[in-house]
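The values are calculated or read from the model by the stated rules, or taken from the named source; none is laboratory data. Just so you know, these numbers come straight off a predicted model, no measurement behind them. Neighbour counts are summed over all protein chains in view; Cβ atoms, including those assigned to glycine, are modelled from backbone coordinates with ideal geometry.
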Amino acid sequence: MSAIARRGFAAPATALAPGPAATRARRVKAMITSAKNAGSPMSRRSRLALPRGGLVLGVPRERPPPLAAQRRRIRVAPNAASADALHAPPAEPERREEDDRRERTAAARLDGERRVANEHDDPASRRVRYAYLAAMVLATATAVAVSWLVAPELPAAIVPLMPRGLDCLDWTAAPGAFVRFVDYYGTAVFAQAGVVTAGAAGMNFLGCLVVGCITAMGGGSFRGFVLGEQVFWAQEPEYVYISLAASVLTFFFWPALERLFAKAGKSNVLESSLNWLDALAIGGFCVIGANNGLRAAAGDPVVAVACGMFTASFGGIMRDTLCAMPARILHSHQEAYASCTSIGAATFVTLSALNVNPWVRCLAPMAVVVALRWLAWSKGLRLPTYGTRAE
């Protein structure tokens with residue numbers, strides 16, 4: 001072997017003796033040269049093609065790295081948080097879904113806060129919000145004026161009878177049957193909303209059950225406390241059964257239903273359906289609450305309007321408080337909610353003072369609430385925030 005070969009350099013092709021060894025050496029040299037020109041290491045198959053030994057006619061063989069180094073994959077994290085996430089065990093599907101729901105809730109809240117901040121720079125938005133506030137005040141003032149001037153005596157109740165149980169399906173008998181049906185199904189809708197919110201907050205089965213029942217019956221219970229009445233669900237236990245059944249079904253089947261709609265790309269359809277159902281439910285709740293307020297407060301219109309709003313919205317306040325969330329009806333990062341029920345209750349009190357047809361007295365306030373809620377979730381209708389001025 002020449003001095004050039006001993007120093008690890010390949011001998012010129014002309015110096016190679018003819019025969020199979022020379023052909024193999026040229027092939028090896030060509031493989032090494034092409035790998036170096038490409039800037040990538042030789043493949044395992046190419047390395048195996050080389051004969052054993054350190055040199056082939058002066059060509060050093062590229063030795064593969066140790067087996068332990070091949071198996072060990074070093075992953076470098078840019079910071080400590082990434083390192084913790086890198087070594088953390090994979091999250092369960094339920095945990096990932098819960099995190100996704102929390103992220104969506106936080107994103108929606110942040111978006112609402114940004115829109116509220118933009119209100120200070122948008123005169124048109126401020127005018128719309130102050131016009132909505134004026135409409136709410138005007139509705140309550142009209143109910144007070146009509147109740148005191150037109151009908152000084154106690155206004156008639158919505159209906160003489162609100163049938164219980166399956167009799168509520170007979171809507172031809174009296175409007176009270178329809179109102180009772182809306183009350184039943186609204187209880188189930190509120191229980192579903194409470195369980196979903198509690199689940200997103202990380203509560204277990206018992207926590208979701210408690211929050212669902214409180215959301216469904218909390219508004220009516222608070223109204224009874226204000227009026228000094230017995231708790232309504234103790235006298236009518238079917239509300240407890242409806243709340244429990246809706247809460248249990250929601251806990252076990254609602255996540256699968258959400259995944260099904262999300263897989264089909266119909267999540268917006270599910271959300272829109274819930275908005276419409278909730279709007280009709282709070283419309284019925286405000287009618288029932290205002291009617292009970294009229295009867296218990298000797299026809300006082302302000303008490304009746306307040307009781308209508310309590311019944312329709314205070315269950316949500318209890319839910320948000322238990323889930324450590326900002327109360328929905330007290331913050332403008334969410335659309336109008338309790339104010340819609342206030343206007344609906346004022347409409348019911350006004351129509352009751354005028355002694356109009358019972359069907360109109362029941363359905364007109366519900367229609368008003370549903371229309372205002374549609375404007376709220378589709379057009380962003382909200383009350384003005386502190387520190388803004390109409391221009």
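For every residue, the table says whether it meets (1) of a type in the set (A, V, I, L, M); (2) assigned to a helix (DSSP H, G or I); (3) more than 30 Å from Gly299 (Cβ to Cβ).
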residue	(1), (2), (3)
Gln192	no, yes, yes
Val210	yes, yes, yes
Tyr239	no, yes, no
Phe251	no, yes, yes
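Against the definition (surrounded by fewer than 20 Cβ atoms within 10 Å (Cβ to Cβ) and either at pLDDT 90 or above or of a type in the set (Asp, Glu) (or both)), how does Phe205 come out, yes or no? Yes, satisfied. Checking the structure you have, find out if any residue of the stretch 352-373 is β-branched (Val, Ile, Thr) and over 28 Å from the mean Cα position of the chain (by Cα). Scanning the stretch 352-373 turns up at least one residue that is β-branched (Val, Ile, Thr) and over 28 Å from the mean Cα position of the chain (by Cα).
For every residue, the table says whether it meets (1) at pLDDT 95 or above; (2) not β-branched (Val, Ile, Thr).
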site: Gly228; (1), (2): no, yes
site: Ala245; (1), (2): yes, yes
site: Phe261; (1), (2): no, yes
site: Val269; (1), (2): no, no
site: Leu274; (1), (2): no, yes
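Being surrounded by fewer than 23 Cβ atoms within 10 Å (Cβ to Cβ), closer than 23 Å to Arg295 by Cα and without any contact (Cβ under 8 Å) to a residue 60 or more places away in the chain holds for only one residue in Phe232, Phe251, and it is Phe232.
The set of residues from the stretch 256-269 being hydrophobic (A, V, I, L, M, F, W, C) and either touching a residue at least 60 places away in the same chain (Cβ under 8 Å) or surrounded by 15 or more Cβ atoms within 10 Å (Cβ to Cβ) (or both) comprises just one member, Phe261.
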